[in-house]
Structures are given as structure tokens and as C-alpha cells.
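The values are calculated or read from the model by the stated rules, or taken from the named source; none is laboratory data. All of these numbers come straight from a predicted model, not from anything done at the bench. Using ideal geometry, Cβ is built from the backbone for each residue, glycine included, and neighbour counts are taken over all protein chains shown. For accessibility, only protein heavy atoms count, side chains too; no ligands or nucleic acids. Shrake-Rupley method; radii C 1.70, N 1.55, O 1.52, S 1.80 Å.
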Amino acid sequence: MGKRDELIEKYADDLRNKCGMEPDMDLLTKVTIGCGPAIYNADSSTVAAGQSGELETVKNNFLIKKLGLSDGPELMDAINSVIDTYGRSNNNKYRAVIYYMLTKHFGKESVYR
């Protein structure tokens, strides 16, 4: 099993145990691959949910550029909802898990098909 596969398993475990959802492994794999080399870097593989600048980056680079959503207050509401689901007290909020949940939230799985 390669490093990426190990990370995907870790993300799936977080989705099951921290977020209470059974992951679509095909979609999770595609979202993880879409994150590129960021998943291998300790800093960029996680989202600092307490930093507004980091949340703006998620909104602009992922929701608007990748998923093609229009900017509006519902985007930040969705980000905060996903972070609440993941658990604000959880220090390691993996970028791929947050992106996966946002993709599901907005029904944008087709971006990865």
C-alpha cells in the first residue's frame, strides 16, 4: 500500500469516526488526488479552522475555482457547518476530508467524475 492509499484510509477513518458518515471511497480517492502534493505536507494537509484567512482560501480556491460555485454567504456557512461536523476541538482537520464533505454538501460530485 502506497503513502496516498494510507492517507485515503486515514481520511475514511476520520469520516466514519469523527464525522459519522460512511465515505464514498471512489469520490474520496478522487478528492484526495485533486489535493495534489499538499496531502504529503504536514502544514498544507490540514485546514487551520481558527484562521479566517485559511477559510477564505478554502472558499476561493476550492469552492469557487474548483467546484465552480458563485460567491455568497452560503459558502462560508457551509465551511463552518463542515468544520462543526468534523469537530472544532479536533486539531487535525484534513484538507481532503473537508473538501470531500463540501463536495457532498453542494452535490458537486460530478466535478470528480
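With all protein chains in place and a 1.4 Å probe, the accessible surface of the chain carries 46 percent carbon and sulfur.
Distant-in-sequence amide contacts of residue 46, defined by a placed amide H-H separation under 5 Å and a gap of 5 or more residues or a different chain, comprise 95.
For the chain, the square roots a ≥ b ≥ c of the C-alpha gyration tensor eigenvalues yield an a/c under 1.5, which makes the shape rounded.
Taking label points 7 Å from Cα along the Cα-to-Cβ direction, residue 40 and residue 71 give a separation of 3.3 nm. For the chain, what does the relative contact order come out to in percent, with C-alpha contacts under 8 Å and a separation of six or more? Here the relative contact order equals 35 percent.
Using θ = phi - 60° in the Karplus curve 6.51 cos²θ - 1.76 cosθ + 1.60, the 3J(HN,Hα) couplings for the range 76-86 round to 5, 4, 5, 4, 5, 5, 5, 5, 4, 4, 5 Hz; x is entered for Gly and Pro. Here the range 1-56 is assigned +1 on the Cβ of each Lys and Arg and -1 on the Cβ of each Asp and Glu. Its dipole about the Cα centre then comes out at about 80 debye. Note that the range 32-87 presents 49 Å² accessible area per residue, ligands and nucleic acids not counted, probe 1.4 Å. From helices alone, the chain scores -15000 deg cm²/dmol at 222 nm; the rule is -39500 (n - 2.57) for each run of n ≥ 4 DSSP H residues, then divide by the residue total. Which of rounded, prolate or oblate describes the range 7-62 when judged by the alpha-carbon gyration tensor and an a/c cut-off of 1.5? Note, shape of the range 7-62 comes out prolate.
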